[in-house]
C-alpha cells in the first residue's frame with residue numbers, strides 16, 4: 001500500500017506541483033492545507049503517514065507545527081520543505097524532530113526520495129544542508145549565548161513560536177496591538193530575522209526558546 005501524504009504549503013501553485021509529483025510517484029495525497037493551524041486539525045483527523053511541511057506558514061509556522069506533530073506518539077513522519085538553507089533554520093528543523101529536510105530549489109526527485117525514505121522509517125536530509133546536519137550529529141552543536149531580547153520581547157517570541165496571532169498576544173500580555181507590533185519589529189531586528197518563522201528558528205538554534 002502506498003504512503004498516505006498530507007501537504008502543508010501556503011502557495012497554491014506549489015501545492016499543485018507537489019500533489020502532481022507525489023501522485024505520479026504512486027503516493028496517496030489525502031489532504032492539503034495552506035495554514036498551520038488548519039493543518040494541525042486536519043492531520044489529527046486524517047492521520048497521514050507523512051506530512052510535508054513548509055516553514056513560512058500563516059496561523060502557525062512550520063517549525064512550531066512540526067514540534068506539535070512530533071510531540072506525541074502516533075503522529076506522522078514529517079518532511080520539512082523550504083527555500084531556506086541557512087544554518088539557523090536547519091538546526092531549528094533538527095531540533096523540532098523532523099524526519100526529513102528538503103530544499104525547494106532541488107529537483108522533484110529529491111522530494112519523492114525523501115517521502116519514500118521517511119515513510120519507510122528512515123531519515124532524509126537534502127545534500128544542500130548535509131554539512132550542517134553532519135556537524136550537528138558529530139557533536140558540534142552551537143553553544144547558546146546570552147539572548148539579546150528583553151524579557152517582554154522573549155514573552156512575545158514564545159507566544160509567536162506557539163502560533164499565536166498579534167491580537168491574541170496583546171490579550172495574553174495585556175498590551176495594545178500597536179505595542180505588540182513594536183515588540184515584534186524590534187525582536188526581528190535584534191535577531192536579524194526576515195519574519196516570524198525565521199525568528200523562531202534563530203531563537204531555537206541559539207537556545208533562546210526551549
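The values are calculated or read from the model by the stated rules, or taken from the named source; none is laboratory data. Only a predicted model underlies this, so the values are computations on that prediction, with no experimental measurement involved. Cβ coordinates were reconstructed from backbone atoms using ideal geometry, including for glycine residues, and neighbour counts include every protein chain displayed.
Any idea which of (1) surrounded by fewer than 16 Cβ atoms within 10 Å (Cβ to Cβ); (2) in a helix (DSSP H, G or I) is the one residue 200 doesn't satisfy? Residue 200 satisfies every listed condition except (1). Among helices (runs of 4 or more DSSP H) entirely within region 1-119, having at least 2 residues that are free of Cβ contacts under 8 Å to residues at least 12 places away in the same chain and closer than 22 Å to residue 195 by Cβ singles out no element at all.
For residue 66, the stated conditions hold: it is within 22 Å of residue 162 (Cα to Cα) and either surrounded by fewer than 18 Cβ atoms within 10 Å (Cβ to Cβ) or not assigned by TED's automatic domain parsing to the domain that holds residue 200 (or both).
Each row is one residue, and each column tells you yes or no for (1) at pLDDT 85 or above; (2) surrounded by 13 or more Cβ atoms within 10 Å (Cβ to Cβ); (3) within 19 Å of the chain's Cα centre (by Cα).
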residue	(1), (2), (3)
87	no, yes, yes
111	yes, yes, yes
121	yes, no, no
134	no, no, no
138	no, no, no
144	no, no, no
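In region 193-204, is there at least one residue being free of Cβ contacts under 8 Å to residues at least 40 places away in the same chain and outside the structural domain of residue 85 (by TED's automatic domain parsing)? Can you show your working first?
Step one: filter region 193-204 for residues free of Cβ contacts under 8 Å to residues at least 40 places away in the same chain, giving 193-194.
Those left that are additionally outside the structural domain of residue 85 (by TED's automatic domain parsing): 193-194.
Yes.
Has region 31-47 got at least one residue that is touching a strand residue (DSSP E or B) at 6+ places or on another chain (Cβ under 9 Å) and closer than 19 Å to residue 122 by Cβ? No, every residue in region 31-47 fails to be touching a strand residue (DSSP E or B) at 6+ places or on another chain (Cβ under 9 Å) and closer than 19 Å to residue 122 by Cβ.
Scanning region 89-100 for residues that are over 10 Å from the mean Cα position of the chain (by Cα) and modelled with pLDDT of 90 or more turns up 99, 100.
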